[in-house]
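Single-structure report; data block below.
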Amino acid sequence: MAVVAVIACYRFVVSPAVRALTQQPRVLRAAISAMVPAVFLAFRPLPEPGPFRWFTVFVVVLLTWQGTTSDYDATQPIGPQRRDKRLLLLLAAASCLWTPALLPWLAVYCGTLRGWRHHSMMPLRLLKAYLAWFLATLLLGPRISVPALLLVLGCVSLSHYVKPAWSKVRLGPRPWSWAWHNRTHYLIASAYSWGWARFLPAETMARLLRRAQVVDRPVNFVTMAVESAGLIAFLDRRLLIAVLMANVLFNIAVALASGILFWENIITNTALAITVTLLPDTSYDVAFGWPAAFVALVVLLLSAADLLWQPWHLGWWDSPFTARMHWQVETVSGTKLGLYNDFMCPYEREFGRVLGYFLTAEPILHGHLGIVWDRQLRDRLVQADGNRDELRTLKQTYGQVQADEEQARDHIAFLTSMFTHLNTGTPKGPLPRSLRRLKAPGGQLYQWGDLPPYRGEEPVRRITIRYQERCYRPRTGDFVLLTDHTVQEIELLTPNPDHGSLNDEVKPPA
């Protein structure tokens, strides 16, 4: 019953409150909402979460680092963004001392600072679960035990791996179809084409792929086992710790293979595993064993069905073909440089994935990194082996044109405003250039390409957006550039200190 009470508070109190405050990000309303739980403080003792207090503080500090060091949106007024970052710091300090302050902290981080992103969802849900446990304990007293908090936190973390396993099971006609038939080494090839690890010579990558294809099936079955292990993790404390650390190693392997870095999950799961290790030997025994494992199983299955919270599915077929937009700049000195997603923070995720398809009339076959959801299409892409005529036929049969004039106009206006402001001295982020290394990392590591990266050394006079199709040919191990043409050129005015206004508002990238 304690677990049910915490999850009910999460689902029907904390989540709606955070959502409402995010949609109406007013500091006063957030502050008032944080004061509401204080009514109970005068009548009930404060809950004592044990070691989980320090775990929560650690996660708050981790995400506050990310939120306060992310870059400004140069197209919007800088003053309010700077105030939001300072407010996040203040609320982080307050929440470390007084748990109800987590609610306005969540509102600021998820709302005005756009922190509700795929890579930070798991640690954010852990904080929401902790706040739900705190409020449920205030309402119901000691009947809501700390072991219930452990079980809920563990389920929140593990659900973000069980759900992808469930998605992979449903991809084919049989539960093992994905593990047996997916060619996971294509993910490495597509990531290289997309912009990950392009500092390696193509010949080196081809040798690596030839070795990797031999272990596709073992890797796939291990992936399924690791992601599914959460279903039995609460049978024993040591098993839970092992599953959490296996998920950490899995995320590291994903980062090395694909350039998708879930650093928030890596650090948070490591901290949670350490916290479970340091728990007293007897006080938390009730959180393990068959009864607890059954409760956790029910919670994980309900979350996989999107009835409690909604982890991402993350199940697909990998293909060797990619079509992507690339942004390039020409500086005032005539130097041509690549504009990669890390420079486009706070929209580094958007610029690292599939942004820009609305600029072209080419039919698009796939999602991020060449992923598709139809095995027949994957097989035909492999059989095409880079043949332009066959790929053209597939695009006409399976592709979807995503051209959108309104989105294109908004995107051009965004880039024009952004670089006009940067050219006239608008700060890129809250950290000075000498301290940029202290900035939290991004989650999409596609920072390499055909040109050296632009780092803001000179003003920009022209932005070029190119559409490129690349294919890894499994038979020969070659990386082939199939299509490369300009879809848009944006000419910027000669930099002038008086040009532009920080009060001009432009829509962010679509």
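How would you classify region 288-435 from its alpha-carbon gyration tensor, with a ≥ b ≥ c the square roots of the eigenvalues: rounded for a/c under 1.5, else prolate if a/b is greater than b/c, otherwise oblate?
Judged from the Cα gyration tensor, region 288-435 comes out oblate (a/c at least 1.5, b/c at or above a/b).
Computing the accessible area with a 1.4 Å probe over protein heavy atoms, can you report the carbon and sulfur percentage for region 124-168?
About 74 percent, which is the carbon plus sulfur part of the accessible surface.
What is region 369-491's relative contact order, in percent, from Cα pairs under 8 angstrom and six or more apart in sequence?
25
For the chain, I need the span (max minus min coordinate) of the C-alpha atoms along each principal axis, in Å, sorted largest to smallest.
Extents along the principal axes: 68, 60, 37 Å.
Can you list the HN-Hα couplings for region 200-215, worked out from phi with the Karplus curve (6.51, -1.76, 1.60; θ = phi - 60°), rounded to whole Hz and with x for Gly and Pro?
For region 200-215, the Karplus curve yields 7, x, 4, 5, 5, 5, 4, 5, 5, 5, 4, 6, 5, 5, 5, 9 Hz.
Leaving ligands, DNA and RNA out of it, report the carbon-plus-sulfur percent of the accessible area of region 311-438 at a 1.4 Å probe.
With neighbouring chains kept in place, the figure for region 311-438 is 48 percent.
According to the square roots a ≥ b ≥ c of the eigenvalues of the Cα gyration tensor, what is the shape class of region 360-435, taking rounded for a/c under 1.5, prolate for a/b larger than b/c otherwise, and oblate for the remainder?
Verdict is prolate for region 360-435.
For helix 146-169, what angle does its Cα long axis make with the longest principal axis of the chain, in degrees from 0 to 90 and rounded to 10?
Around 30 degrees separate the two axes.
Between helix 388-398 and the chain, what is the angle of the helix's C-alpha long axis to the longest principal axis, kept within 0 to 90° and rounded to the nearest 10?
So the inclination is approximately 40 degrees.
With the cut-off at 1.5 for a/c, could you classify region 90-167 from its C-alpha gyration tensor as rounded, prolate or oblate?
The shape class here is oblate.
Carbon and sulfur together cover what percent of the accessible area of region 185-292 at a 1.4 Å probe radius?
72
Check which residues have an amide H placed less than 5 Å from residue 444's amide H, if you skip close sequence neighbours.
261
Quote the relative contact order of region 163-242 in percent (integer), defining contacts as alpha-carbon pairs under 8 Å separated by 6+ residues.
The value is 34 percent.
Could you list, in their original order, any pairs among 336/428; 85/128; 168/395; 85/163 whose Cα atoms are separated by more than 29 Å?
85/163
Spelling out what I want: for every residue of region 265-277, take phi, set θ = phi - 60°, compute 6.51 cos²θ - 1.76 cosθ + 1.60 (Karplus), and round to whole Hz; glycine and proline get x.
5, 4, 6, 5, 5, 4, 5, 5, 5, 5, 4, 5, 4
Of all the Cα-Cα pairs you can form in region 248-353, what percent are over 15 Å apart?
The calculated P(r) of region 248-353 puts 81 percent of pairs beyond 15 Å.
Short version: ³J(HN,Hα) in whole Hz for each residue of region 472-477, in order, from phi by Karplus 6.51 cos²θ - 1.76 cosθ + 1.60 (θ = phi - 60°), x for Gly and Pro, what are they?
Taking θ as phi minus 60°, the curve returns 8, 9, x, 5, 10, x Hz for region 472-477.
I'd like the orientation of helix 216-228 relative to the chain: the angle between its Cα long axis and the longest Cα principal axis, in ° from 0 to 90, rounded to 10.
Tilt relative to the chain: about 30 degrees.
Kindly report the accessible area of the chain per residue (heavy atoms of protein chains, probe 1.4 Å, no ligands, DNA or RNA), in Å².
About 44 Å² of surface per residue is accessible.
The values are calculated or read from the model by the stated rules, or taken from the named source; none is laboratory data. The shown structure was predicted, so the numbers you read here are calculated from the model rather than taken from an experiment. When the accessible area is computed, the model is the full protein with side chains, heavy atoms only, and any ligands, DNA or RNA have been set aside. Shrake-Rupley method; radii C 1.70, N 1.55, O 1.52, S 1.80 Å.
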